[in-house]
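Student: First the structure, then my questions, so here it is.
The values are calculated or read from the model by the stated rules, or taken from the named source; none is laboratory data. A quick note: this is a predicted structure, and the numbers were derived from the prediction, not measured. Methodologically, a virtual Cβ is constructed for each residue, glycine included, from the backbone with ideal geometry; neighbour enumeration extends over all protein chains shown.
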Amino acid sequence: MLIIYNLLLFIITFAGGSIPLWAKRLSNVQMHSLLAFSGSFLLSITFLHLIPEAFSFAGTNTGVFLLAGFFLQLIIQRFTHGLEHGHLHTDKHEHTVPLTFIVFGISLHAFMEGLPLGIQFHDHSTLPSLYLAIAAHKLPEAMLLCILILNTQSRKRAFIYLFLFSLITPFSSLLTNALSAQYTLVSKLMNVLLPLVAGSFIHIATTIFFESGTQQHALNRKKTIAILIGLGTGLATIIFE
């Protein structure tokens, strides 16, 4: 089942991320709505599934690791320039971070996303819910990465970058699963990494809420609807489990 989940995650990331390669124009309104949905869905799954699981793994130290993960994302953001939560700077005068730094940062972020996907959770509904939330998050993330690369590179180069990027999270999931089963030390390390990733997700999701598609942190109708759909989808994973 884990292989199937990862295959679907790869397909969603690669297929969704390739939209800028053939679409003539992407609507900003649609992109902002997709970001709002993915952010609210990711946040709901983090609170409803990932954090309760993190407490069962890390115990009383979970809060410390959650806080550390939240601020760790700030460091990663220095490399990604906020691409993982919807920031895309294509103006050469505005964009001061080298493409290699952004690719490194977003790849590190993608690897971190895969870490909790290789864990055996106590609640059987956590893993499929988490895969859905990460897939929803990676869809706009991959699209924005593709747009950024197309701004400076060829379509062939963008295709290659996107293909490799789509492999990172599934690879991280399978690697974590294999190493955790064989090495006790890796399994214990996941007790720390799980709340770290959860803290990172909280940072990403809340940043999307405050900065995606509106000025002065305002909520317009379409963004509000997208957020409510994301929250409702997250709640459905515990109601109909």
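Student: Tell me yes or no: at least one residue of segment 43-51 is under 25 Å from N191 (Cα atoms), surrounded by fewer than 22 Cβ atoms within 10 Å (Cβ to Cβ), modelled with pLDDT of 90 or more and over 18 Å from the mean Cα position of the chain (by Cα).
Tutor: no
One line per residue, one yes/no per condition, for (1) on the phi > 0 side of the Ramachandran plot; (2) hydrophobic (A, V, I, L, M, F, W, C); (3) in contact (Cβ under 8 Å) with a residue 12 or more places away in the chain:
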residue: P116; (1), (2), (3): no, no, yes
residue: S125; (1), (2), (3): no, no, yes
residue: L132; (1), (2), (3): no, yes, yes
residue: P140; (1), (2), (3): no, no, yes
residue: I149; (1), (2), (3): no, yes, yes
residue: R155; (1), (2), (3): no, no, yes
residue: F165; (1), (2), (3): no, yes, yes
residue: S172; (1), (2), (3): no, no, yes
residue: T184; (1), (2), (3): no, no, no
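Student: Identify the single condition in (1) among the hydrophobic types (A, V, I, L, M, F, W, C); (2) within 21 Å of F10 (Cα to Cα); (3) surrounded by 18 or more Cβ atoms within 10 Å (Cβ to Cβ) that I160 does not satisfy, given that it satisfies every other one.
Tutor: I160 satisfies every listed condition except (3).
Student: Among I168, I208, which is the only one that is buried (at least 16 other Cβ atoms within 10 Å of the Cβ), closer than 18 Å to I106 by Cβ, β-branched (V, I, T) and modelled with pLDDT of 95 or more?
Tutor: Values: I208 fails: modelled with pLDDT of 95 or more.
It is I168.
Student: Can you tell which of T214, T152, T233 is modelled with pLDDT of 90 or more and in contact with a helix residue (DSSP H, G or I) (Cβ under 9 Å, 6 or more places away or on another chain)?
Tutor: After applying the criteria, what remains is T233.
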